[in-house]
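Undergrad: Let me give you the structure first, and then I'll get to my questions.
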Amino acid sequence: MRQDPFEIMITFMCAQGIGMHLIRRQVSMIAERYGQKIVLETPEGELVFYGFPTPSTLASADPSELAACTNNNRIRAANIIAMARSFESGKLALACVGSGECDLETLRETLCVHSGIGLKIADCIALFGLGRFDAFPIDTHVKQYLWEWFGIEEARRSLTAKNYRILQEKARAILGTEYAGYAGHILFHCWRKEVKKMTTF
């Protein structure tokens with residue numbers, strides 16, 4: 001929670017339809033290729049880290065080179081560059097700064113005008129990068145626990161934009177609006193770990 005907004009945006013843009021291993025790999029490759037190298041001297045030797053690249057660095061990236069970091073997904077690379085340019089211009093950055101002053105739907109609409117960002121990713125950015133604990137991202141796992149644990153009938157249906165919003169409202173009615181996203185994230189991990197017995201996060 002409360003991670004760097006730009007890093008969160010790019011990370012979740014890399015997360016569409018793939019597993020955690022590939023997400024981590026893509027983000028690591030972007031950092032290694034475009035981020036600042038940081039060397040830490042220790043008694044055991046050097047430790048090498050890479051900072052996440054700045055918006056200006058990714059805004060000027062070559063799409064073909066960036067695609068090598070996004071599992072050769074050129075559309076994703078182009079979307080990341082466009083997002084970085086919007087952030088660098090100040091338009092998106094200002095929207096993020098004022099995110100606590102606008103309603104969630106307005107914030108979501110601001111994010112969703114960018115290619116590569118839909119309702120779920122916009123909610124993830126709001127929750128993890130902008131401190132909007134009222135944002136409640138919904139994926140397959142969330143749908144599953146909303147049905148199994150809370151009996152929300154709509155969770156058995158396809159996740160259309162309309163149904164996404166219905167599920168959110170019903171989840172907020174149960175979990176409370178103010179911290180629905182925070183509670184939902186805890187439930188998400190409980191579902192994956194305790195019910196699905198998944199060990200990778």
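Just so it is clear, none of the values below were taken in a lab; they were calculated from the coordinates. In this text, all values refer to a predicted model and were calculated from it rather than measured experimentally. Cβ atoms come from the backbone with ideal geometry, glycine included; neighbour counts cover every protein chain shown.
Undergrad: Among M9, M20, rank each residue by its count of other Cβ atoms within 10 Å, from fewest to most, as a rough exposure measure. Each step should come with its number before you reach the end.
TA: On the way: M9 29, M20 11.
Going from least to most buried by this count: M20, M9.
Undergrad: Which one, P63, P55, P43, has the greatest fluctuation when you compute a Gaussian network model over the chain with C-alpha springs under 10 angstrom?
TA: Greatest mean-square fluctuation among the candidates belongs to P43.
Undergrad: Cross-link partners among lysines for K193, C-alpha distance below 27 Å, same-chain residues fewer than 8 apart left out?
TA: By straight Cα distance, K193 reaches K120, K143, K170.
Undergrad: Among R172, R74, R24, rank each residue by its count of other Cβ atoms within 10 Å, from fewest to most, as a rough exposure measure. Let's see the in-between values first.
TA: On the way: R172 18, R74 12, R24 15.
Ascending Cβ contact count within 10 Å gives the list R74, R24, R172.
Undergrad: Under the rule a/c < 1.5 gives rounded, and otherwise a/b versus b/c splits prolate from oblate, where does region 140-195 land using the Cα gyration tensor?
TA: Details: a/c = 1.81, a/b = 1.15, b/c = 1.58.
Verdict is oblate for region 140-195.
Undergrad: P(r) tail for region 98-180, what percent of Cα pairs lie past 22 Å?
TA: On the way: 722 of 3403 pairs.
Looking at region 98-180, the distances longer than 22 Å represent 21 percent of pairs.
Undergrad: What is the order of K37, K197, fewest Cβ neighbours within 10 Å to most? Each step should come with its number before you reach the end.
TA: On the way: K37 10, K197 7.
Placing the least packed residue first, the sequence is K197, K37.
Undergrad: If you wrap the chain's Cα atoms in a convex hull and average its projection over all directions, what's the area in nm²?
TA: Convex hull of Cα atoms, orientation-averaged projection: 12.7 nm².
Undergrad: Follow-up question, since we're still on this one. GluC sites (Glu not before Pro), restricted to region 147-201: which are DSSP loop and have at most 12 other Cβ atoms within 10 Å?
TA: On the way: sites: E148, E153, E154, E169, E178, E194; in loops: E178.
Answer by residue number: E178.
Undergrad: To the nearest 10 degrees, how steeply does helix 74-89 sit against the main Cα axis of the chain, on a 0 to 90 scale?
TA: Around 80 degrees separate the two axes.
Undergrad: Highest GNM mean-square fluctuation, the chain, Cα pairs closer than 10 Å: which of G45, G181, G17?
TA: G45
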